[in-house]
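The values are calculated or read from the model by the stated rules, or taken from the named source; none is laboratory data. All values derive from a computational prediction rather than experimental measurement. Reconstructed Cβ throughout: ideal geometry from the backbone, glycine too, with neighbour counts over all protein chains shown.
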Amino acid sequence: MRKILVLHGPNLNLLGSREPGHYGHSTLAEIDQTLRNRVANLPADTAGKIEIEIFQSNAESALIDRIQAAPLAGVGFIVINPAGFTHTSVAIRDSIAAVAIPFIEVHLSNIHARETFRKHSYFSDLAVGVISGLGAQGYEFAIDAAIRTIRLTIAQNTSTTQNSNTLNPKSAVISAAPSSNQHKN
């Protein structure tokens, strides 16, 4: 089982009522339910192999703790809207870099069409993708990309397991036969 971890940063709990001109009218609960439904309705070949976990916090330390716990929790992909931490949090950036889990950065509003301070992200250069300005639908695009990535990983792992006698360059150390120049005991 592989997980997609969706992280929502500060003030996103106020969606639906907070500046709807920038962030839309969807509530966080509505966005989260749409994402849960998307994962719950996966095709039969993937159903039960991918799950979603969603977490929102206004506290930087809580987000960092959740990111650091992700590898042991079986997280294979992260979708994060760091919100206000986008422009300020080196600590969250460092935690994402440390766990080395692929992620997509999502923003409801187009951060490049807003105030100057919002145009810089501490995350974009590490992300496999950035979705900005598409409202709640941006999360759906990010989840679809995460699902495709995890499905590919599952297919590769299945293929590797079925063909365990062939050399897989990504796991050569594990599946390669010992070289002839190694010491014999």
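Of the residues in the range 48-56, not one is farther than 24 Å from residue 157 by Cα, of a type outside the set (Val, Ile, Thr) and either without any contact (Cβ under 8 Å) to a residue 24 or more places away in the chain or outside any strand (DSSP E or B) (or both).
If you go through the range 57-72 one residue at a time, how many are surrounded by 12 or more Cβ atoms within 10 Å (Cβ to Cβ) and in a helix (DSSP H, G or I)? Outline the logic, then answer.
The initial filter retains those residues of the range 57-72 that are surrounded by 12 or more Cβ atoms within 10 Å (Cβ to Cβ), namely 57-58, 60, 62-71.
Cutting the leftovers down to in a helix (DSSP H, G or I) gives us 60, 62-69, 71.
Selection size over the range 57-72: 10.
Residue count for the range 9-47 under the criterion of being within 22 Å of residue 146 (Cα to Cα), of a type outside the set (Ser, Thr, Tyr), at pLDDT below 95 and not in a helix (DSSP H, G or I): the result is 6. Count of the range 34-58 residues, restricted to those that are out of contact with any helix residue (DSSP H, G or I) (no Cβ under 9 Å at 6 or more places or on another chain) and either under 19 Å from residue 127 (Cα atoms) or among the small types (Gly, Ala, Ser) (or both), is 3. When 80, 92 are screened for being surrounded by 12 or more Cβ atoms within 10 Å (Cβ to Cβ), farther than 24 Å from residue 153 by Cα, modelled with pLDDT of 95 or more and in contact with a Phe, Trp or Tyr (Cβ under 8 Å, 6 or more places away or on another chain), only 92 passes.
Can you confirm whether residue 144 is in a helix (DSSP H, G or I) and of a type in the set (D, E, K, R)? Steps first, answer last, please.
Values: in a helix (DSSP H, G or I): yes; of a type in the set (D, E, K, R): yes.
It is true that residue 144 is in a helix (DSSP H, G or I) and of a type in the set (D, E, K, R).
Remark: pairs (first residue in the range 73-96, over 21 Å from residue 51 (Cα atoms); second residue aromatic (Phe, Trp, Tyr) and part of a helix (DSSP H, G or I); Cβ separation under 7 Å; 6+ apart in sequence or on different chains) = 87/117; 92/85. For residue 4, are the conditions met, namely being at pLDDT 95 or above, surrounded by 18 or more Cβ atoms within 10 Å (Cβ to Cβ) and under 19 Å from the mean Cα position of the chain (by Cα)? Yes.
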